[in-house]
Amino acid sequence: MRLILLSCLTMVAFAANSILNRLALAEGAAGPASFAAIRLVVGAGVLAVLILARGRPDFGRIVQPGWGMASLLAYMLGFSFAYTQLDAGIGALILFGGVQITMFAGAVLTREAIPVMRWAGAGVAFSGLVVLLWPGAETSLPLFGAAMMAIAAVGWGIYSLLGRRQSDPLLSTASAFVLAAPIGLLALLILPDSISWWGVLLAAISGGVTSALGYALWYSILPALGAARGAVLQLSVPAIATAGGVLFLNEGVGLRFLIASALVLGGVALSMRRA
């Protein structure tokens, strides 16, 4: 039960990131580079304070650049720049579909045992995601936006796979943020854009709360979830984000949303069952 509750809380945090980023870019409160940079810097600051607060000399272990930093940076920048062109639906479909493929591939390559029920859950959940987010035939897909979101998907998939092996989730998350933040600022210098105080607030909440704390929580539960189950679980995020859009962004919802949500959450429930 504890794992289920923590998993639900983590997925809500992930969905909140989508809502905050979508809100900032849609209203013109922030550009993609400034939003990503502030998100990384504030996240790094919050995590550094938490590391100091627990009174252990851990910072000597932080300066170790690696795949965690690179994959987090790919996700953060790809996600922000993708949403300058993509609508929320197709963007989420590319992101979480790509994450599922990446993590399932990682599970297969590392010979993780994947029960039949988990494969079935993945299929049901992904079919619901397609029902919810599949664009109309008249929708054109911007190549740049799609490529950026695909990069974000692979980045987040790799970041999640790395989390299975971390013995100290808070330190691992802090390390990735602290090392990625300067590169995020460099990206802002190379590709400058504007940001309002409202945009700063949205990016700070995303970075300090739903990203930094959410990702540390994600790393803490991933060893118990495994790659395959973690991949399917994340397919619930677009449904949660869409519900958040209805509540906070006045977005409409219809029968298709209800059917798709039932499929996604049903598939996640199947995947979360023990074999």
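All of the numbers you see were taken from the coordinates with simple rules; none came from a lab. None of the values given here were measured: they were computed from a predicted structure. Positions of Cβ are backbone-derived with ideal geometry, glycine not excepted, and every protein chain shown enters the neighbour counts.
Cβ neighbours within 10 Å, averaged per peptide: list 192-199, 155-162 in order, most packed at the top. Intermediate values should be presented prior to the final figure.
Numbers: 192-199: 14.2, 155-162: 23.8.
For the peptides 192-199, 155-162, the packing ranking is 155-162, 192-199.
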The extension gain from LEU201 to ALA146, computed as 0.36 nm times the residue separation minus the Cα-Cα distance, is 17.1 nm
Between region 19-47 and region 141-168, the alpha-carbon center distance in angstrom: 18
So for the chain, averaging the separation of alpha carbon pairs under 8 Å that are six or more residues apart and normalising by length, what relative contact order in percent results? 41
Go ahead and set up a Gaussian network model of the chain, Cα springs under 10 Å, then flag whichever of VAL108, VAL200, VAL154 fluctuates most. VAL108
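If we count other beta carbons within 10 Å of each Cβ, what is the order of ILE205, ILE114, fewest first?
On the way: ILE205 16, ILE114 19.
Listing ILE205, ILE114 from fewest to most nearby Cβ atoms yields ILE205, ILE114.
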Which three numbers, in whole Å and largest first, are the semi-axes of the equivalent ellipsoid of region 2-272 derived from its Cα gyration tensor as √(5λ)? 27, 24, 16
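Go through 231-238, 45-52, 29-36, 94-101 and give me the packing order, highest mean Cβ count within 10 Å leading. Before the final figure, lay out the partial values.
Numbers: 231-238: 26.8, 45-52: 17.9, 29-36: 24.9, 94-101: 22.2.
The densest-packed peptide leads the list: 231-238, 29-36, 94-101, 45-52.
Please arrange ILE240, ILE38 by counting, for each residue, the other beta carbons lying within 10 Å of its beta carbon, fewest first.
Working: ILE240 21, ILE38 26.
Ordered by Cβ neighbours within 10 Å, fewest first: ILE240, ILE38.
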Tally Lys and Arg at +1 and Asp and Glu at -1 over the other residues with C-beta under 11 Å from the C-beta of SER80: what net charge comes out? +1
